[in-house]
Amino acid sequence: MKKAAVLLCLLASFACAQKRPAITGIAFVRMFTADPAASTAFYQGKLGFDRTTENGVARYAVSDSQWLEVAPLPTPAPQSRIAAIAFTTRNAAALQSYLKAHSVAIDKPLHNGSFAVHDPEGQLVIFVQQRPASSKAVSPHATARRIIHTGFWVHDRAAEDHFWRDILGFRPLWFGGQHDGEIDYVSSQVPEGTDWIEYMLNRSPNPNPHSLGSMNHFSLGVAQMSDAVQALARNGCSGPECRKTQMGRDGKIQLNLFDPDLTRVEYMEFKPSGPICCSPFTGPPPAEQENR
């Protein structure tokens, strides 16, 4: 018994002593679609991102280091249309070892050193090995050039905090609610960058597809919302939703679109320009181009 206790202490000490490799930002967000043609018309046509395909998965380039993926909807269809969220790390192999030492199960190794795990609520989380900077040009039709955050429905905040903050090192950034005195949104920033994740809390236990798609979303950052509105118009986005902006509770101007499968695409200005409710920001804002 004493030997077992000593071994456990040594293992715990080893896990704690390991340094976590840098996690620098969002690499991509992967969605499911029931209608690939409609999805292409939205992401390539309206949003203006160049499209390539690999193994049946469409990839839309947002920048040289970030992209969106759209995969065919599997059978049986999952409740959420967000299939995976992915982050860039400077050392994928070392991060995999670090997570194993902290009792995080590795789902499977992927190509180019990437690997996947699941968070406590079953969300697929992929870590991508950072690549050298590329000079590849982004489409001139692109309506944004940065993914700045992704949000998802959370049931157990404490369990998610242990995974994202205690183990992965994400930092508290901001929290707020639809009304004063409420906490419906909790943001945590990547440890070595400015992108963030957003918990969506206190929702109906049985959300309809539109509500679930609103929670499970991603955000494209822009310096001026008027530029995004003009770019959408040039790409043929003509409905009222293509120009309807609003001030968020975090003081940032927003515009929301929904893809054909009801995943919300939130355009958001990088910096606040209005009153910030509920809590101050505790980390720096993102910018269109950042060194990773």
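Among Ser204, Ser63, Ser214, the largest mean-square fluctuation in a Gaussian network model of the chain (Cα springs under 10 Å) belongs to Ser204. Taking label positions 7 Å along the Cα-Cβ direction at both Leu124 and Ser279, the computed distance is 3.0 nm, reported to one decimal.
With the simple model of a label 7 Å out from the Cα in the direction of the Cβ, Ala158 to Ser139 spans 4.6 nm. Scattering from region 52-196 was approximated by placing one identical point on each alpha carbon and applying the Debye formula without solvent; log10 I(q)/I(0) at 0.10, 0.14, 0.15, 0.18 1/Å stands at -0.40, -0.81, -0.93, -1.31.
Across every direction, the projection of the convex hull enclosing the Cα atoms of region 197-292 has a mean area of 7.7 nm². Placing unit charges on each Cβ (+1 for Lys and Arg, -1 for Asp and Glu) gives the chain a dipole about its Cα centre, and among Ala228, Phe270, Ala101 the Cα reaching farthest toward its positive end belongs to Ala101.
The residues of region 176-284 present an accessible area of 43 Å² per residue when probed at 1.4 Å with all protein chains retained. So which trypsin sites (Lys or Arg not before Pro) in region 45-98 are both in a DSSP loop and have at most 14 other Cβ atoms within 10 Å of their Cβ? Sites meeting the loop and neighbour criteria: Arg90.
Overall, the accessible surface of region 58-126 at a probe of 1.4 angstrom is composed of carbon and sulfur to the extent of 51 percent. Close amide H pairs (under 5 Å, H built 1.01 Å from N) link Phe115 with Leu110, Phe127, residues at least 5 positions away or on another chain. Ordered by solvent-accessible area of protein heavy atoms (1.4 Å probe), largest first, the residues Glu269, Glu241 come out as Glu241, Glu269. Remark: region 78-137 carries 50 Å² of accessible area per residue (probe radius 1.4 Å; ligands, DNA and RNA excluded). In the chain, a dipole from Cβ-located charges (positive for Lys and Arg, negative for Asp and Glu) runs towards its positive end, and of Ser114, Ala144, Gly45 it is Ser114 whose Cα lies farthest in that direction.
In deg cm²/dmol, rounded to 500, what helix-only [θ] at 222 nm does the chain give when every DSSP H run of at least 4 residues adds -39500 (n - 2.57) and the total is split over its residues?
That calculation yields -5000 deg cm²/dmol at 222 nm.
The values are calculated or read from the model by the stated rules, or taken from the named source; none is laboratory data. All of these numbers come straight from a predicted model, not from anything done at the bench. No Cβ is skipped: glycine too gets one built from the backbone with ideal geometry, and neighbour counts run over all protein chains shown. Ligands, DNA and RNA are excluded from the accessible area calculation, which covers all protein heavy atoms including side chains. Shrake-Rupley method; radii C 1.70, N 1.55, O 1.52, S 1.80 Å.
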